[in-house]
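Q: Please see the structure below; I have some questions.
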Amino acid sequence: MWWWYRPWITRNAGPRGFLNQVLNSWSHSRIRPQLAVRIDRLPLLWPVARIHPQVMVAAGAVCSHVDALPLSPAETAEFSSHGSERTEINTPPSVSQPRNPRYGLSPDEVMRRSGQRCEVERSMGGKLGDAASGKSLHVVSDSTGETVVSAINAAAGQFPDLSLDLQIHVFVRSRDGLDPVFEALDRRPGPVFFTVADPELRRLLQRGAQARGQAAVDVLAPTISALSEFAGGAPAIRPGGQHRVDRAYLDRVDAIDYAIAHDDGLSPDRLARADVVLIGVSRTSKTPTCIYLAYQGVRAANVPLVRGAALPVPLMEALASGTAVIGLTASPQRLAQIRAHRVDRLDMSPQADYANVDSIREEVTEARLLFERHGLPVIDVTRRSIEETAAAIRQYLRGRAQGVSIG
């Protein structure tokens, strides 16, 4: 029973540490725009990790995909055009944790050796700023604030040179809850972006912001107005109405459990139960992509391709039974850089061919031929973020379900 594990998870750094590491792994492609946001201000995500029995064991596997790589001058120029910078993550208190059997390292050791910081600042849009240099922008929500932050993330991505100091105020559901917001506005003036269901609170917030000479933007107002006209009725005044513990929520939890239990070729006898199986050579973002898909409710497993080895029999059986299998690939040069940095940062014993670009080129070519031989769709992740890769996979799955071929 999942609730039996709650005290154990709390003793072992809790859900935040796990989700921080997952979020950090998402940004390893470096194509995300950035804006600092603390996950402890987004409590919607906590239950996903809290009710999960294997989160701390999985953290080591997820962290193994975190690559804080220095970019070449050419890559720096290219990524700068996308408005992207590297995210740093703070280290949580040291706790006794299970060791990752793949590398003989505990999650804390993996994070320490990979030079990452594990407590919670995550890039979500714009160029990462701070209180001293960034322009203050206030987010006010009567729920978790995710909706507003996502909207700002999308908009800020169009302004790569914009540096923001994001002030987040969540669970503002009373007049007293507005006082800290106005105090923050007095200290750090800036526009207010909000989602508040209560009409009276909305009016008070707008008046308070306008009295201080600041704009107040109701992020959902145009959408709610259009839906109200379409539905022919007034909206319910319910904060966080989209956050429900329903069948879809439980399916997401089950998908996370499945992704962790089937990472890196584990439990191959259950691959046929997957919605999708990702295969590819080492360092092609298989694990973080599976975790991201799982949070969206997709049961995703991944199997590594080993040079010179045939596909595992359970994978072939899953493919024959109709399970979706997708190949992930990346440029040999990028893989060589990632692997070399990984060997150096994790103090791994150097392997002659692991980070050799010529050997990797042959490995990638062999994988490509294998994908072609089995008629598998292929996604090149060299210049894709985890979100973009996951979106392409979900588009393929939707088309497959509808009998539509999507290239």
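The values are calculated or read from the model by the stated rules, or taken from the named source; none is laboratory data. Just so you know, these numbers come straight off a predicted model, no measurement behind them. For neighbour counting, all protein chains shown are included, and Cβ atoms are generated from backbone atoms with ideal geometry for every residue, glycine included. Quick note on the areas: whole protein, heavy atoms, side chains included, nothing else; ligands and nucleic acids left out. Shrake-Rupley method; radii C 1.70, N 1.55, O 1.52, S 1.80 Å.
Q: Which order do the peptides 302-309, 171-178 come out in when sorted by mean C-beta neighbours inside 10 angstrom, highest first?
A: Working: 302-309: 16.8, 171-178: 15.2.
Ranking the peptides 302-309, 171-178 by packing returns 302-309, 171-178.
Q: Find how many whole Å separate the alpha carbon centroid of the stretch 245-267 from the alpha carbon centroid of the stretch 313-364.
A: Here the answer is 24 Å between Cα centres.
Q: Please work out the FRET efficiency for the pair GLU229 and ARG203, using the Cβ-Cβ distance as r and a Förster radius of 25 Å; give the result to the nearest 0.05. List each step's numbers first, then the result.
A: Details: r = 22 Å, r/R0 = 0.86.
After rounding, the FRET efficiency stands at 0.70.
Q: Right, here's the next one. How far apart, in nm, are two points set 7 Å out from the Cα along the Cα-to-Cβ line at GLN333 and at ARG307?
A: 2.0 nm
Q: Using the heavy atoms of the protein chains alone and a 1.4 angstrom probe, what is the accessible area of the stretch 247-366 per residue in square angstrom?
A: On the way: 4820 Å² over 120 residues.
Roughly 40 Å² per residue, with all protein chains present.
Q: When only the heavy atoms of the protein chains count and the probe is 1.4 Å, how do ARG247, ARG400, ARG270, ARG283 rank by accessible area, highest first?
A: The most accessible residue leads, giving ARG247, ARG400, ARG270, ARG283.
Q: Each label point is 7 Å from the Cα along the Cα-to-Cβ direction; what then is the distance between the points at ASP344 and ALA221, in nm?
A: Each label point is offset 7 Å from its Cα along the Cβ direction, giving 5.2 nm.
Q: Evaluate the distance, in nm, between pseudo-label points positioned 7 Å from the Cα of ALA391 and of PHE159 along their respective Cα→Cβ axes.
A: Result for the modelled spin labels: 2.1 nm.
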